[in-house]
Amino acid sequence: MVRWQKFATGFLVDIGSQASMHDAQAQCLAIGGGLATVQTQAEAANFMLVRKSPSSGYYIGATDETVEGQFKWLSGANWTEPVPFWAPGQPNNTLGTQDCVELDGQLWYTIECSEVRHFICEYVPLIV
Ligand SMILES: [Ca+2]
């Protein structure tokens, strides 16, 4: 049983597993959601609240796999700049191969999409 937590911006859940980014997205899709989109301070606060392992890194649903340097939300939401959540010096795309994003503590860092991380799934109903 998936215990979604309801917020004004949608429903979030940490199903407690860890996976590479695409596997994590698949696990979120399997329960009717997708990797979480974090666009506002409120959404960031909700995301951090839902984490079961707050000292670990978590995938957010963003990647620049398609075009280097152009991040997109897997949810299809608009990517808006500037992003206030990047850690200093990020996104740094170390070795040119870091196309996924983890939230570690409260800030974002680019990592390789094959890295295994915790993740938050989000479900946004048509009517909340
Ligand atoms: Ca990149």
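Here are some notes:
- Selection count, region 9-60, where residues are in contact with a Lys or Arg (Cβ under 9 Å, 6 or more places away or on another chain) and not aliphatic (A, V, I, L, M): 8
- Checking each residue in region 82-97 for being assigned to a loop (DSSP other than H, G, I, E, B) and either away from the ligand (no atom under 15 Å from the Cβ) or within 21 Å of Val116 (Cα to Cα) (or both) picks out Pro82, Pro84, Phe85, Ala87, Pro88, Gln90, Pro91, Asn92, Asn93, Thr97.
- Matching residues, region 37-80, being within 13 Å of the ligand (Cβ to nearest atom), of a type in the set (S, T, N, Q) and surrounded by fewer than 18 Cβ atoms within 10 Å (Cβ to Cβ): Thr66, Gln70
- Residue in region 106-128 that is more than 16 Å from the ligand (Cβ to nearest atom), free of Cβ contacts under 8 Å to residues at least 12 places away in the same chain, under 16 Å from Thr9 (Cβ atoms) and not in a helix (DSSP H, G or I) present: yes
- Region 1-43 - residue that is among the polar types (S, T, N, Q) and outside any loop (DSSP other than H, G, I, E, B) and, of those, nearest to Phe71 (Cα to Cα): Gln25
- Being within 27 Å of Leu126 (Cβ to Cβ) and more than 14 Å from the ligand (Cβ to nearest atom) is a description that does not apply to Met21.
Since every read-out is calculated from the coordinates, none of them should be taken as a lab result. The structure displayed is predicted, hence computed values, not measured ones. For neighbour counting, all protein chains shown are included, and Cβ atoms are generated from backbone atoms with ideal geometry for every residue, glycine included.
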